[in-house]
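The values are calculated or read from the model by the stated rules, or taken from the named source; none is laboratory data. Predicted, not measured: the structure shown is a model, and the values here were computed from it. When we count neighbours, we look across all protein chains shown, and the Cβ atoms used for this are built from the backbone with ideal geometry, even at glycine. Accessible surface is based on the protein model in full, side chains and every heavy atom, while ligands, DNA and RNA are left aside. Shrake-Rupley method; radii C 1.70, N 1.55, O 1.52, S 1.80 Å.
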There are 2 protein chains.
Amino acid sequence: MQQIEELVNSLREEGFRITPQRIAIVEYLLKTNDHPSAEHIHKIVQKKYPMVSLSTVYKTLDLLREKKLVNEIKVEGEARFDAHTDEHINLICMNCGKIEDVDEDSLREIQTKAARKSKYMILKSNFELLGYCNNCKSKFI
Amino acid sequence: MQQIEELVNSLREEGFRITPQRIAIVEYLLKTNDHPSAEHIHKIVQKKYPMVSLSTVYKTLDLLREKKLVNEIKVEGEARFDAHTDEHINLICMNCGKIEDVDEDSLREIQTKAARKSKYMILKSNFELLGYCNNCKSKFI
DNA sequence: TTATTATTAGGAATACTTCCTAATTAATAA
DNA sequence: TTATTAATTAGGAAGTATTCCTAATAATAA
């Protein structure tokens with residue numbers, strides 16, 4: 001797991017201001033692996049800073065995504081965020097919305113092959129598997 | 001490429017009514033590999049049936065997706081549709097929005113491995129690579 | 001401490017999609 | 001063919017996540 005100081009410093013070095021709101025958001029993203037939504041992050045940060053606005057949460061998440069410090073995936077029209085930025089597969093539960101990460105070494109290779117075939121210049125990948133998680137699947141068999 | 005009759009019959013056999021609107025939408029999806037948006041499909045179908053509504057297009061696409069006759073992916077908040085329903089990688093141009101399909105045999109295997117590791121019951125997959133297509137990439141180097 | 005200017009809070013605006021309802025029409029039976 | 005009936009449609013309103021806007025605030029550098 002990355003340290004909060006690392007991320008904060010990498011922002012500061014690029015000239016971004018370090019605000020309590022930004023620290024709280026980064027802190028939460030680093031300690032959870034829940035892939036929270038912007039609204040969820042907003043609720044969490046509000047416990048400490050009741051005045052924080054949802055638009056600030058969105059703006060901070062935009063910044064972190066641009067700096068590749070967090071990854072964003074869309075699940076049913078809603079963005080979900082994760083500080084795990086290495087290439088991996090997101091397993092998404094279509095019932096409860098839980099997201100689990102699975103590492104898979106062959107993804108890089110697949111990416112290289114596809115880039116060669118298509119002549120696209122690849123900048124980002126998104127590998128998703130959708131279904132039911134271990135808890136939910138019994139309800140659907 | 002699938003035949004229009006196949007798809008229409010598979011709908012009819014399940015008790016769905018075959019309307020000119022539905023035929024026009026299915027026809028267009030089968031003959032293009034452009035991954036059009038709902039709005040684009042609407043514009044195309046309007047040339048033949050000026051009264052067709054956008055909500056009918058959405059409803060038909062819902063139906064086709066439920067019956068697994070088309071695949072849907074979200075690109076920058078907008079749904080894009082494709083009659084290519086076999087497992088494949090979608091290469092998405094972040095500049096012009098072009099989507100190209102690339103087949104890759106190892107996807108099934110990856111899916112099986114991830115399902116085993118995570119204990120998820122997998123129903124659907126979505127493999128995306130984002131970047132710039134062959135036409136657009138020169139602008140970004 | 002003061003000056004500068006990025007950032008914030010709060011709400012309005014946006015954009016895609018879904019929902020709602022009366023009118024229409026595809027499918028079936030007579 | 002015509003009548004019946006229920007699925008489907010057109011059109012627009014409503015919903016929802018996100019982005020945009022602006023005056024007020026506060027992080028940073030001098």
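A few comments on the model shown:
- When the range A:36-51 is filtered for residues that are away from DNA strand C (no atom under 12 Å from the Cβ) and small (Gly, Ala, Ser), only A:SER37 remains.
- B:GLY97 passes every criterion in (1) more than 8 Å from chain A (Cβ to nearest Cβ); (2) open to solvent by less than 30 Å² (accessible area, probe 1.4 Å); (3) over 15 Å from the mean Cα position of the chain (by Cα) apart from (3).
- From A:ASN71, A:ASN33, residue being closer than 29 Å to A:ASN135 by Cα, away from DNA strand C (no atom under 16 Å from the Cβ) and at pLDDT below 95: A:ASN33
- Within the range B:130-141, being in contact (Cβ under 8 Å) with a residue 24 or more places away in the chain and either surrounded by 14 or more Cβ atoms within 10 Å (Cβ to Cβ) or closer than 17 Å to A:GLU87 by Cβ (or both) holds for B:LEU130, B:GLY131, B:TYR132, B:CYS133, B:CYS136.
- Any hit, the range B:9-22, residues being within 26 Å of B:SER125 (Cα to Cα), hydroxyl-bearing (Ser, Thr, Tyr) and over 14 Å from the mean Cα position of the chain (by Cα): yes
- Number of positions in the range B:117-129 that are open to solvent by 30 Å² or more (accessible area, probe 1.4 Å) and of a type outside the set (D, E, K, R): 3
- Cβ pairs under 7 Å, 6+ apart, first in the range A:5-29 and away from chain B (no Cβ under 14 Å) and assigned to a helix (DSSP H, G or I), second of a type in the set (Phe, Trp, Tyr) and within 8 Å of DNA strand C (Cβ to nearest atom): A:PRO20/A:TYR49; A:GLN21/A:TYR49; A:ALA24/A:TYR49
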